[in-house]
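I have placed the structure first, in the form of structure tokens, so that the comments after it can refer back to it.
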Amino acid sequence: MPEEPFYRNTVSPEAVVNSTVEGVIVIDKTGIVQTFNPAAESLFDFQANEVIGKNISLLMPEPNRSEYDNYLKSYLQNRNSDFMGVLRELTALRKDGFLFPIEIAANPINLGTKRFFVVTIRDISERKEAEARRDLLHNITKIFSTSDDLEKVCPKVLQTICEFMGWDITFCWVLDKDKQILQCYESWHSSENKERFKEFVEKSYEIFFEKGKGLPGRIWKNGESHWIHNVVKDSNFPRSPFALKAGLMSGFGFPIVNSNELVGLIEVFSEKTIQPTEEYPFNAANG
């Protein structure tokens, strides 16, 4: 008995495209969408039938929209486009008008006598947010370690940390080199939480930390950032009764370093249970 053709037992190209976790869009040489897989539907919040037959520019804001058209035209004219086969970062446009960063690559394919382009798309929002957080914290470290006017810049920087990174309250601790203790220099939280955090803030200003004691002391001792998953249950967190009353859960801190010496640290808290992620456990760069 002759063997059956191999393709009868293989997965169809359509099934592969539909099962991939990356957005896959097939367009013709004029940019008209031919295929829009389920992952692309999730990314852009469009159903395939809303996009197929329309130009891919529907999914991009300006200036990316015009740039993409130009890349296609350039490739078709001289087959020499640095866009093809190369990962690029662009801004995409969701159905509701929301803009988000993507990593995109396009590759030409021939089907019979016709030329098409397979466009793969990946949402890189989390990666870009992580990069933004690292840049912010790096810049904050430089500001604190080099500024001669700490009293002026400190409140604004702490406010930026809370609002940009979604924390509820933040503190700045400075090192008294003579006494070898860390003391609370400044704190910030939204005005609506003034009464809620009152005792926790007061206790933070009253207490001081030696190396290894509490969250600030642990950061000082190890010279690197430190997480506390649950500050209320942590045995080395002297302010836990006040954190409990304030409804705080997770704590995180990172050192402020200048010329390889600790000058202070930043400490933040959230009412939520936050899991450590790659963007947080870092060692602050020298100022």
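The values are calculated or read from the model by the stated rules, or taken from the named source; none is laboratory data. It should be emphasised that the depicted structure is a prediction, and the values quoted were computed from it without experimental measurement. So basically every Cβ, Gly included, is an ideal-geometry build from the backbone, and we count neighbours across all protein chains shown.
At-a-glance table
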| quantity | calculated |
| --- | --- |
| Failed criterion for Asn258 (all others in (1) touching a residue at least 60 places away in the same chain (Cβ under 8 Å); (2) touching a strand residue (DSSP E or B) at 6+ places or on another chain (Cβ under 8 Å) hold) | (2) |
| The stretch 19-35 residues that are at negative phi, paired with ones that are among the basic types (Lys, Arg) and in a loop (DSSP other than H, G, I, E, B) (beta carbon under 8 Å, 6 or more apart) | Ile32/Lys54; Val33/Lys54 |
| Top-ranked residue in the stretch 202-230 [being among the aromatic types (Phe, Trp, Tyr) and surrounded by fewer than 20 Cβ atoms within 10 Å (Cβ to Cβ); ranked as farthest from Cys184 (Cα to Cα)] | Trp227 |
| 3 or more residues on the phi < 0 side of the Ramachandran plot and modelled with pLDDT under 90: qualifying strands (runs of 3 or more DSSP E) within the stretch 216-287 | 250-258, 261-270 |
